[in-house]
Amino acid sequence: MRFGGSLTRLQFRVACADDAAAVAALHADSWRRHYRGAYSDAFLDGDVESDRLAVWTTRLGVADPFRHTVVVHDDGTLVGFVHVMLDDDPCWGSLIDNLHVSHSLRRRGLGTRLMKLAAAEVADKAPGGGMYLWVLEQNTDAQAFYRALGGVEVESALVGAPGGVPARLAGVPAKLRMAWPAPVRLRA
Ligand SMILES: CC(C)(COP(=O)(O)OP(=O)(O)OC[C@H]1O[C@@H](n2cnc3c(N)ncnc32)[C@H](O)[C@@H]1OP(=O)(O)O)[C@@H](O)C(=O)NCCC(=O)NCCS
């Protein structure tokens, strides 16, 4: 299935501090569309954008050799991003902490290209370890995407509240750990 929208001039690059507001806006929009039912309506309809802006302003404001964010713009508009935390876990390796693509540009290969750039960074900077991420149990579309790239579901756990604020959760949502062993190779 293909979604609408055209891709005219794609540019992938490492994120900088000036990207924080656009990344936060895309992140908040994606959470509102895909995390409802796991995160509370009050949070998604209220604080989510300011919460994401605070997180991304901090993340992108300070250079950290163990963190890597790639953004992709289409004709100057941010349309996706991925954030990697290198060597995050002694067992599972580097963590893909966030991967989001503009709603209107899903199934155009952008997610795959961002994941490949993340895997290349892991292979380059943390070659001894694997790669993993957490995906909401309810997010079966993203699970299908990760499986298509060779990710394997290895365990489940309860979702932590964003920013450590319990009221931001809806009920007791669960998440799945998807993993790629070292050396990380994504299925093409
Ligand atoms: C999940 C996400 C990052 C995938 O990125 P994408 O650019 O849409 O995915 P791609 O076009 O690279 O998909 C590659 C392959 O993955 C599989 N896939 C992707 N989305 C799928 C879906 N919704 N259902 C089933 N398979 C899917 C397909 O095999 C697809 O190949 P095809 O389109 O030729 O059939 C994107 O849809 C997104 O941002 N979703 C909302 C946010 C989100 O859930 N992020 C993940 C948080 S853990």
Check your understanding: For region 54-96, which chymotrypsin sites (Phe, Trp or Tyr not before Pro) are in a loop by DSSP, counting at most 16 other Cβ atoms within 10 Å?
Key -> Phe66
Exercise for review: Beyond 18 Å, what share of the Cα-Cα pairs of region 61-126 is found? Please give it as a whole percent.
Suggested key: 38
Point to revise | Per-residue Cβ neighbour rank within 10 angstrom, fewest leading, Met85, Met178 | key: Met85, Met178
Practice item. With only Lys, Arg, Asp and Glu charged, each at its Cβ (+1 for the first two, -1 for the last two), find how big the charge dipole of region 1-143 is about the Cα centre; round to the nearest 20 debye. Key: 660
Exercise for review: Please give the FRET efficiency for His103 paired with Thr140, using the beta carbon to beta carbon distance and R0 = 22 Å, rounded to the nearest 0.05.
Suggested key: 0.85
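Which loop trypsin sites (Lys or Arg not before Pro) in region 85-182, with loop taken from DSSP, have no more than 16 other Cβ atoms within 10 angstrom of their Cβ?
Arg107
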Check your understanding: Mean shadow of region 10-180, computed from the convex hull of its alpha carbons, in nm²?
Key -> 9.3
Check your understanding: Efficiency by 1/(1 + (r/R0)^6): what FRET value for Val165 and Cys16, r their Cβ-Cβ distance, R0 = 41 Å, to the nearest 0.05?
Key -> 0.90
**Study point:** Distant-in-sequence amide H partners of Leu169 (H built 1.01 Å from N, under 5 Å)
**Key:** Ser40
Revision key, fill the gap. For region 1-108, the percent of all C-alpha pairs falling in each 5 Å bin, from 0 up to the bin holding the max distance, is 2, 11, 20, 21, 20, 16, 8, 2, 0
Check your understanding: So who's got an amide H within less than 5 Å of the one on Val79, skipping anything under 5 residues away but keeping other chains? H placed 1.01 Å off N, in plane.
Key -> Val72, His73, Asp74
Point to revise | In nm, spacing of pseudo-spin labels at Val172 and Arg33 (7 Å Cα→C-beta vector) | key: 3.2
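Read the figures in this text as sums done on the coordinates, not as results from a lab. Since we're looking at a predicted model, the values are computed, not measured. Virtual Cβ from ideal backbone geometry, glycine too; neighbours counted across all protein chains shown.
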